[in-house]
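Worksheet for the structure shown next.
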Amino acid sequence: MSQDTLLTKGFRMEKVSVVDYIKNLPFFEEFTDNEKSSLLEKKGVFEKYQEGETIIKQGAVESCLYVILLGKVCLYKSIDDNVEEGRISLTDSEEIMVKELEIGSIFGEISLITGRPRNVTARAASKDVSVIKITKEILESFEQPTQMKIHKQFLTKLAENLDDMNTECIKLKSIIKKKLKPKA
């Protein structure tokens, strides 16, 4: 896929300008057209995956984040002590689907920020998945104002995730409390 065109989903496939396409994605809403073009001109920024293909592997050490342009991606958490310690397990372990992400979603930001091993596996969950891959090198190649816009998106995403986790935790505590409450 070039930086000039992108195949959009739907029954009728049409080519559209990627710069125009990403204008509608929340991650890029504060970027100027020049900043968007600068990102899209970077080598290796576009990646395509087919359904079931692994995009990132839990336990892997890499510094990049992804923005979904087309398709869906599911995040899975592996229940395996070896993987939890940052090692990649050679045995099959139980995976739990944590979240399904759609167009415009970002993932992989925690490893980019912290340099720690991936805490989930991400797999393409639809026939065609296209993403923008932003490596640490690409991020650092931008001028400070553009880097700040990207970091603002990280912080927004992390705050949203924290809020979602707090809500889930409260729901689970309520369910557990009701289940453990002695019957009169």
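The values are calculated or read from the model by the stated rules, or taken from the named source; none is laboratory data. In this text, all values refer to a predicted model and were calculated from it rather than measured experimentally. Methodologically, a virtual Cβ is constructed for each residue, glycine included, from the backbone with ideal geometry; neighbour enumeration extends over all protein chains shown.
For this structure, a couple of remarks:
- Restricting LYS133, LYS179, LYS171 to residues that are under 20 Å from LYS48 (Cβ atoms) and either in contact (Cβ under 8 Å) with a residue 12 or more places away in the chain or among the charged types (D, E, K, R) (or both) narrows the list to LYS133.
- Among the conditions (1) within 25 Å of ARG123 (Cα to Cα); (2) at pLDDT below 90; (3) surrounded by 11 or more Cβ atoms within 10 Å (Cβ to Cβ), the only one that PHE11 does not satisfy is (3).
- Restricting the search to strands (runs of 3 or more DSSP E) fully inside the range 15-111 and requiring at least 1 residues that are at pLDDT below 90 and small (Gly, Ala, Ser) gives 15-17, 73-79.
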